[in-house]
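Undergrad: The structure that follows is given in the form of structure tokens.
The values are calculated or read from the model by the stated rules, or taken from the named source; none is laboratory data. Just so you know, these numbers come straight off a predicted model, no measurement behind them. For neighbour counting, all protein chains shown are included, and Cβ atoms are generated from backbone atoms with ideal geometry for every residue, glycine included.
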């Protein structure tokens, strides 16, 4: 966040700046920092392990449909039909929006 914007928000919110910042930034930061937390399903080591296992399976199959290549491996791991399916798109939205909804619900319970 640029320092000018940060200062503007501090001036505007006054003593409420920190709680408001944590309330809004917290969920978005959680999506990004999830790659660094071992308790999260998207922890970097889990993703690397899954990629290595997928590579071994890809190599064991010998690229039956096509010649072995990095682009073939990507198509093997990330088939467009799966990642663009309606249910997958709903999952993406849920993953991004859910932390904000959770903050609104729990914030309402705390302040209400």
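Undergrad: Hey, could you check segment 1-42 for residues that are at pLDDT below 70 and within 12 Å of the chain's Cα centre (by Cα) and say which is nearest to residue 102 (Cα to Cα)?
TA: Out of the qualifying residues, it is 27.
A quick yes/no check of all residues on (1) touching a helix residue (DSSP H, G or I) at 6+ places or on another chain (Cβ under 8 Å); (2) modelled with pLDDT under 85; (3) part of a helix (DSSP H, G or I):
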residue: 71; (1), (2), (3): no, no, yes
residue: 75; (1), (2), (3): no, no, yes
residue: 82; (1), (2), (3): yes, no, yes
residue: 88; (1), (2), (3): yes, no, yes
residue: 91; (1), (2), (3): no, no, yes
residue: 97; (1), (2), (3): no, yes, yes
residue: 100; (1), (2), (3): yes, yes, yes
residue: 105; (1), (2), (3): no, yes, yes
residue: 109; (1), (2), (3): no, yes, yes
